[in-house]
Amino acid sequence: MALTTIDNFINNEFVKPTEGAYFDTFNPAHGVPHAQIPDSTKSDVDLAYKAASTAFTSWSKTTKAERARILYKIADLIDARQDEFVRAESKDQGKPISLAKSVDIPRAAYNFRFFAGRILHSVEEAAELEGVGFNYSQRMPIGVAGLISPWNLPLYLLTWKIAPCIACGNTAICKPSEFTSLTAYMLCSVLKDAGLPAGVVNMVFGTGMKAGQALVEHPRIPLISFTGGTVTGAKIIANSAPHFKKLSLELGGKNANIIFADCDFEKALTTSLRSSFANQGEICLCGSRIFVERPIYEKFLNGLVEGAKKLKVGDPSAADTNLGALVSKEHWEKVRSYIDLGVEEGGKIECGGKKPASLQGEFQNGYFLEPTIISGLTPSCRVMREEIFGPVVTIYAFDTEEEVVQITNDSEYGLSCSLWTENGRRARRVAGEIQAGTVWVNTWMARDLRMPFGGMKKSGLGREGGEHSLDFYTELKTICLAD
Ligand code: NAD
């Protein structure tokens, strides 16, 4: 089958990488190459920079109303091409088409709509300075931003960066994940069709080591918004340090899912199946450490295992598929190695652990893995401490509120946490003590884009969402006017 060839998008034109090199990306459900993407280098980033810095001069001066108009148009065009985007995201990433249709692509459109509205309704500060005059604050666009995104929610997370970046009057050079570049490539035509001026958004495709690092080390790019792994985040801090860049880092997690005995059992169970295995467990917010209060431990474990065994793993394009394929062979092997490690560390595989035997035809070469539940490990085990980022969860019985707060917080990560209880006072008390950027009580992954989002400890630096995104993508200035 002919491979789709992707090109960089610079100054509203598709251009070949300067060194002419491409590499294959895979359809994870079939385990075969399906697209070729540019292996871009520093010289491609330099070209994109030239376009983005030229565009900044005029884009930064457009009115908010004009920027909002274009952002609304982009959202409308994503909606109009929803089916195309949904199919591409599922094929490129391995996720079930139902998830791409209900989560990824609608949210990508909403990111543009949300920030179009947000800039129109923002109000700056003003204060009288008695005897002198008055002060007011003003937001200035900063310049050319480097936007680096991961493979798990490709278009969703990339547009979460592009929308506030350009809404605030900046221009962008994007570096989508080398594993999932297809929907970012399709977005380029949408941006052009929506009337976004040339150079405002540029895409440079390729690896993190070449294209990503060139963005981070570029002396004239003053801000980097990065979502990805914690190890990469540390490299980005080090490599950008000489240039004093503004950084927003959304990194890894090892999120707790705490089930108290007084919870709404059925709701906790059904949602825990989702928070464990949605997107094959490849969502940074998945609850991979499940802590269950002892009186209901056995019942909850049995319910979870029974539910996990019923989940359908296979063809991502089938409407009733629950888990598609993991993103790559390397990632499949990494996730699988944690299952072996769990056994070595004394754990019991309650279900899953293997490639499903039911796969037929071309899917036999895909990177599928059964939903896996491991019991019998202690909180000091590596499997309970390290991010696995696949359909593998651990389950552990706790006895007291103090104990579960302590083991939840005894983690180098602090991204999110879910807790389940019908006791409102306990919910507020525990939520207040948990070290995580987001705590959900009796729900999971309910996102409100107006609220701060980000991680504590090694899960990130800074917050995005609503006003916090505006703070990142602008410089705030105080102007003092004397009487
Ligand atoms: P990754 O860190 O390997 O890659 C992310 C992006 O960074 C890719 O585009 C990659 O090419 C680029 N990159 C790699 N090395 C680079 C370098 N030295 N300089 C600049 N760019 C570089 O992460 P991944 O495997 O794509 O994504 C999975 C990780 O992302 C998980 O740890 C997950 O928890 C995390 N994540 C976090 C959030 C969040 O909101 N906190 C959301 C989604 C995913």
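The values are calculated or read from the model by the stated rules, or taken from the named source; none is laboratory data. The structure presented is a predicted model; accordingly, all values stated were derived computationally and were not measured. Using ideal geometry, Cβ is built from the backbone for each residue, glycine included, and neighbour counts are taken over all protein chains shown. The area values use the complete protein model at the heavy-atom level, side chains included, leaving out ligands, DNA and RNA. Shrake-Rupley method; radii C 1.70, N 1.55, O 1.52, S 1.80 Å.
Details
- The numbered conditions (1) at pLDDT below 95; (2) touching a helix residue (DSSP H, G or I) at 6+ places or on another chain (Cβ under 8 Å) are all true for Gly347 except (1).
- Scan the stretch 193-247 for residues that are surrounded by 22 or more Cβ atoms within 10 Å (Cβ to Cβ) and of a type in the set (Ser, Thr, Tyr) and the total you get is 3.
- Pair list, Cβ under 7 Å, 6 or more apart: the stretch 288-315 residue within 17 Å of Ala256 (Cα to Cα), other residue of a type in the set (Asp, Glu): Arg294/Asp399; Leu301/Glu350
- Number of the condition not met by Cys381 [criteria: (1) of a type in the set (A, V, I, L, M, F, W, C); (2) away from the ligand (no atom under 16 Å from the Cβ); (3) buried (at least 24 other Cβ atoms within 10 Å of the Cβ)]: (3)
- Selection within the stretch 220-247 - closer than 23 Å to Gly287 by Cα, polar (S, T, N, Q) and either more than 10 Å from the ligand (Cβ to nearest atom) or not in a helix (DSSP H, G or I) (or both): Thr227
- Residue within the stretch 40-61 that is outside any helix (DSSP H, G or I) and closer than 26 Å to Arg113 by Cβ present: yes
- The residues of the stretch 180-189 that are surrounded by fewer than 22 Cβ atoms within 10 Å (Cβ to Cβ) and touching a residue at least 40 places away in the same chain (Cβ under 8 Å) amount to a single one, Met186.
- Restricting attention to the stretch 440-483, the residues that are in contact with a Lys or Arg (Cβ under 7 Å, 6 or more places away or on another chain), of a type in the set (A, V, I, L, M, F, W, C) and assigned to a loop (DSSP other than H, G, I, E, B) total 1.
- Odd one out for Gly146 among (1) under 30 Å from Leu481 (Cα atoms); (2) within 20 Å of the chain's Cα centre (by Cα); (3) part of a strand (DSSP E or B): (1)
- Within the stretch 248-301, restricting attention to residues that are small (Gly, Ala, Ser) and part of a loop (DSSP other than H, G, I, E, B), the residue that is most open to solvent (accessible area, probe 1.4 Å) is Ala261.
- Some residue of the stretch 186-193 being farther than 21 Å from Lys91 by Cα, aliphatic (A, V, I, L, M) and not assigned by the TED database to the domain that holds Ala436: yes
A quick yes/no check of all residues on (1) in contact with a helix residue (DSSP H, G or I) (Cβ under 9 Å, 6 or more places away or on another chain); (2) within 30 Å of Gly146 (Cβ to Cβ); (3) at pLDDT 95 or above; (4) buried (at least 18 other Cβ atoms within 10 Å of the Cβ):
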position: Thr394; (1), (2), (3), (4): yes, no, yes, yes
position: Asp399; (1), (2), (3), (4): yes, no, yes, no
position: Glu403; (1), (2), (3), (4): no, no, yes, no
position: Asn409; (1), (2), (3), (4): yes, no, yes, no
position: Leu419; (1), (2), (3), (4): yes, no, yes, yes
position: Gly424; (1), (2), (3), (4): no, no, yes, no
position: Ala431; (1), (2), (3), (4): no, no, yes, no
position: Pro452; (1), (2), (3), (4): yes, yes, yes, no
position: Tyr473; (1), (2), (3), (4): yes, yes, yes, yes
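- Evaluated against (1) of a type in the set (D, E, K, R); (2) open to solvent by 10 Å² or more (accessible area, probe 1.4 Å); (3) over 26 Å from Lys477 (Cα atoms), Lys175 falls short on exactly one condition, (2).
- Arg107 under 30 Å from Pro33 (Cβ atoms), open to solvent by 10 Å² or more (accessible area, probe 1.4 Å) and touching a Phe, Trp or Tyr at 6+ places or on another chain (Cβ under 9 Å): yes
- Unmet requirement for Lys192, which otherwise passes all of (1) within 16 Å of the ligand (Cβ to nearest atom); (2) not in a loop (DSSP other than H, G, I, E, B); (3) not hydroxyl-bearing (Ser, Thr, Tyr): (1)
- Of all residues in the stretch 308-339, those satisfying the criterion of being among the small types (Gly, Ala, Ser) and under 15 Å from Lys91 (Cα atoms) are Gly314, Ser317, Ala318, Ala319, Gly324, Ala325, Ser328.
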